[in-house]
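This report concerns only the one structure given below.
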Amino acid sequence: MDFERSITMYKSFKMLREKIEKEKEKYQDLCKEVRKIREESVCNQKLIDETVRNLRSRGFRVEIAEKCEDAIKLVLKEIGDEKIVIKSKSNVCKEIKLAENLIANGIEVIETDIGDRIMQIFGGEPAHPTGPAAHLSAERIAKKIKEIYGVEVEAKAESIAKFLKNEISKHIEKANVGISGANAITSDGLILLAHNEGNIAEVLRKRRWICITGIDKIYPSVYDALKAIKLQSFFATGKDSTSFIEIVSGAASTSDIEKKPVRIGGDALVILLDNGRSDIAKSNFREVLYCIGCGSCVTVCPMHLFNEYYKGGRFSLYYSLNGSDEVKLCLGCGKCVSACPLKIDIPSMIDLKEGSLKRFFYSHFVFTLLLIKFGLSYAQSKLRII
Ligand code: SF4
Ligand code: SF4
């Protein structure tokens with residue numbers, strides 16, 4: 001067991017939860033509103049068709065990928081002979097294991113989000129969908145930077161962020177292809193991307209931009225999409241808004257010469273991934289697709305805190321609907337439902353999938369073992385200090 005991982009993650013999540021708890025009352029009406037929007041729009045075929053039509057009329061090329069393999073093939077074809085791509089944070093890219101697949105095909109992948117870049121250096125499972133490195137202390141990251149780059153960086157968040165931002169910038173210039181997810185796509189063909197670091201602006205302005213997102217990310221209007229993004233920002237970071245929200249309505253163009261519209265920007269491919277979503281939307285697990293990806297359920301999940309292979313909350317359930325069996329470890333404690341802005345009932349769906357009694361005993365047995373291991377690691381670390 002990685003004792004330090006659990007402690008650092010606990011401290012990071014505690015700080016975040018305190019921020020959220022202080023102000024979450026203000027968001028109650030928005031939570032209900034976004035839940036209703038999601039209920040009506042998730043995997044709504046009419047909305048998907050309209051969106052595809054309107055994206056195409058704005059000049060985006062659009063492909064629907066049924067399975068992960070289809071999405072990967074489309075990305076590889078689009079990348080062509082390029083040897084390096086830059087990428088921003090995306091749950092869908094994680095879902096299809098895009099980076100791993102590109103690397104296996106000889107393509108260098110540069111994560112442009114600082115948290116994702118840290119995870120690229122360390123390897124292993126991310127701690128949280130929007131804070132992937134929340135389990136790594138500044139000391140640990142600074143030590144790794146010294147090991148990999150031979151550079152002494154002060155073990156402070158500011159110094160590490162500055163070093164990595166510079167390091168990432170050097171790679172950004174070399175790439176001609178940028179890959180991102182999308183927070184939302186609207187039925188009139190707008191693509192919305194929210195971010196804090198400014199990196200997404202660099203990714204989508206590359207000569208070729210590949211945007212991959214799930215068919216569940218489609219919203220009826222830009223106003224509905226912005227409501228979901230605001231809620232996601234608050235429940236992911238405790239901030240009322242991300243630093244930037246990009247709204248992309250087409251390729252860069254100008255009408256400055258004789259008022260004739262001329263395209264001056266790159267080319268964009270939008271890949272809408274199904275990967276079982278259409279079937280889930282028609283099943284008793286539909287509710288899992290209402291998720292806006294804030295990760296609030298992850299920050300309270302006790303099993304995730306002690307077991308790095310349990311993704312926590314909604315993510316464990318979603319991955320087990322696609323074949324993983326980690327959901328057997330769910331304790332059924334219900335903390336994730338209380339923390340979820342949309343009150344998505346994850347444990348009830350897990351019960352539906354795995355049954356409750358057998359899983360209850362199994363998960364509690366594993367959890368007890370983890371607690372014992374944790375206690376022993378703690379005692380060992382105290383003895384080392386003495
Ligand atoms: S019910 Fe399961 S997924 Fe939800 S917080 Fe508890 S252990 Fe985690
Ligand atoms: S299930 Fe709820 S809390 Fe978890 S990521 Fe989705 S919206 Fe956020």
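The values are calculated or read from the model by the stated rules, or taken from the named source; none is laboratory data. Quantities reported herein were computed from a predicted structural model and do not represent experimental measurements. For neighbour counting, all protein chains shown are included, and Cβ atoms are generated from backbone atoms with ideal geometry for every residue, glycine included.
Of all residues in the range 169-203, which are hydrophobic (A, V, I, L, M, F, W, C), out of contact with any helix residue (DSSP H, G or I) (no Cβ under 6 Å at 6 or more places or on another chain), under 16 Å from Ile110 (Cα atoms) and not in a loop (DSSP other than H, G, I, E, B)?
Ile179, Ile200, Ala201, Val203
So which of Leu369, Leu317, Leu321 is assigned by TED's automatic domain parsing to the domain that holds Val288, over 21 Å from the mean Cα position of the chain (by Cα) and either within 10 Å of ligand 1 (Cβ to nearest atom) or without any contact (Cβ under 8 Å) to a residue 60 or more places away in the chain (or both)?
Of Leu369, Leu317, Leu321, the one residue that is assigned by TED's automatic domain parsing to the domain that holds Val288, over 21 Å from the mean Cα position of the chain (by Cα) and either within 10 Å of ligand 1 (Cβ to nearest atom) or without any contact (Cβ under 8 Å) to a residue 60 or more places away in the chain (or both) is Leu369.
Mind checking which residues of the range 173-212 are more than 16 Å from Asn54 (Cα to Cα) and of a type in the set (Ser, Thr, Tyr)?
Once the filter is applied, which keeps residues that are more than 16 Å from Asn54 (Cα to Cα) and of a type in the set (Ser, Thr, Tyr), the range 173-212 yields only Ser180.
Of all residues in the range 291-318 being within 7 Å of ligand 2 (Cβ to nearest atom) and part of a helix (DSSP H, G or I), which is nearest to Tyr10 (Cα to Cα)?
Val298
Do we have Ile160 as within 24 Å of Ala236 (Cα to Cα) and crowded, with 17+ Cβ neighbours inside 10 Å here?
yes
Filter the range 53-75 down to residues that are part of a helix (DSSP H, G or I) and among the basic types (Lys, Arg) and give me whichever is nearest to Asn196 (Cα to Cα).
Residue satisfying both the conditions and the ranking: Arg56.
If Ile247 passes every condition in (1) under 20 Å from the mean Cα position of the chain (by Cα); (2) of a type in the set (A, V, I, L, M); (3) in a loop (DSSP other than H, G, I, E, B) but one, which one does it miss?
All conditions are met except number (3).
Return the residues of the range 294-312 that are more than 10 Å from ligand 1 (Cβ to nearest atom), surrounded by 20 or more Cβ atoms within 10 Å (Cβ to Cβ) and of a type outside the set (S, T, N, Q); say none if nothing qualifies.
Residues satisfying the conditions are Cys294, Gly295, Phe306.
What number of residues within the range 324-343 satisfy the criterion of being more than 10 Å from ligand 1 (Cβ to nearest atom) and surrounded by 18 or more Cβ atoms within 10 Å (Cβ to Cβ)?
Looking only at that region, the number is 3.
Can you tell me how many residues within the range 324-336 are at pLDDT 90 or above and within 19 Å of the chain's Cα centre (by Cα)?
So the count comes out to 1.
Table: residues versus (1) surrounded by fewer than 15 Cβ atoms within 10 Å (Cβ to Cβ); (2) closer than 21 Å to Ser243 by Cβ; (3) more than 16 Å from ligand 2 (Cβ to nearest atom).
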position: Ile121; (1), (2), (3): no, no, yes
position: Lys143; (1), (2), (3): yes, no, yes
position: Glu154; (1), (2), (3): yes, no, yes
position: Asn176; (1), (2), (3): no, no, yes
position: His195; (1), (2), (3): no, yes, yes
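Any residue in the range 198-209 that is in the same structural domain as Ile114 (by TED's automatic domain parsing) sitting within a Cβ distance under 6 Å of a residue that is assigned to a helix (DSSP H, G or I) and surrounded by fewer than 18 Cβ atoms within 10 Å (Cβ to Cβ)? List the pairs, counting only those 6 or more apart or interchain.
Glu202/Ile172
Mind listing whichever residues of the range 228-242 are in contact with a Phe, Trp or Tyr (Cβ under 9 Å, 6 or more places away or on another chain) and either part of a loop (DSSP other than H, G, I, E, B) or not hydrophobic (A, V, I, L, M, F, W, C) (or both)?
Selection gives Lys230, Asp240, Ser241.
Determine, yes or no, whether Thr368 is closer than 29 Å to Lys24 by Cα, among the polar types (S, T, N, Q) and in a helix (DSSP H, G or I).
no
Would you confirm whether any residue within the range 99-118 is at pLDDT 90 or above, touching a Cys at 6+ places or on another chain (Cβ under 9 Å) and in a helix (DSSP H, G or I)?
Scanning the range 99-118, I find at least one residue that is at pLDDT 90 or above, touching a Cys at 6+ places or on another chain (Cβ under 9 Å) and in a helix (DSSP H, G or I), so the answer is yes.
Going through Ile179, Ile160 one at a time, which residue ends up being assigned by TED's automatic domain parsing to the domain that holds Glu95 and within 18 Å of Ser137 (Cα to Cα)?
None of the other options fit; the residue is Ile160.
Quick check, is Glu78 farther than 19 Å from Leu193 by Cα, under 17 Å from the mean Cα position of the chain (by Cα) and not hydrophobic (A, V, I, L, M, F, W, C)?
So Glu78 fails the test.
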